[in-house]
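Read the structure below first, then the notes.
The values are calculated or read from the model by the stated rules, or taken from the named source; none is laboratory data. Since the model is a prediction, treat every value here as computed from it, not as a measurement. Methodologically, a virtual Cβ is constructed for each residue, glycine included, from the backbone with ideal geometry; neighbour enumeration extends over all protein chains shown.
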């Protein structure tokens, strides 16, 4: 089981990295780490997480609601849970500070971690970022993942992480 999860995780990120070289345009790659299931009352499912996210700044679209872009990524937890996602992220700049809300449906595999009730899960996230260099940001994010009651159970999970983003 763990081997299947790792193969799926590495294949997904291989696709992201290959897309980085496919075009000469600028890309943004974010690495993040944090805690999974921080509000679990029982406390037995809380664990660390590590993830990777890809954005193409050339695909940002300005709308009357703000600036939006597709986002793709995934994370793995310390209990071998995997979440692979793609969706949309908004961007609102206030000087060097960015507010980045996102909605990303995705595939969830519980591994030996928390059973979220379905393989289709939805992540809602708010990220606050700070420009630290010309093409680098550091940020904090808080997210909630649940299946919108489409599964047998819907316990949901709340997560938090620290993010480092770099444009290449």
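Things to note:
- Selection status of residue 101, farther than 17 Å from residue 163 by Cα and in a strand (DSSP E or B): no
- Filtered by the rule that a residue be more than 19 Å from residue 151 (Cα to Cα) and either under 12 Å from the mean Cα position of the chain (by Cα) or not in a strand (DSSP E or B) (or both), segment 104-139 gives 125, 126, 127, 134, 135.
- In summary, residue 92 fulfils each of the numbered conditions (1) closer than 25 Å to residue 133 by Cβ; (2) surrounded by 14 or more Cβ atoms within 10 Å (Cβ to Cβ); (3) over 10 Å from the mean Cα position of the chain (by Cα) with the single exception of condition (2).
- Residue 77 meets all of the listed conditions (1) in contact with a strand residue (DSSP E or B) (Cβ under 8 Å, 6 or more places away or on another chain); (2) at negative phi; (3) surrounded by fewer than 19 Cβ atoms within 10 Å (Cβ to Cβ) but one, namely (3).
- Of all residues in segment 62-70, none are in contact with a strand residue (DSSP E or B) (Cβ under 8 Å, 6 or more places away or on another chain), surrounded by 14 or more Cβ atoms within 10 Å (Cβ to Cβ), closer than 20 Å to residue 109 by Cα and at pLDDT 85 or above.
- Residue in segment 13-32 that is assigned to a loop (DSSP other than H, G, I, E, B), farther than 25 Å from residue 92 by Cβ and at pLDDT 85 or above present: no
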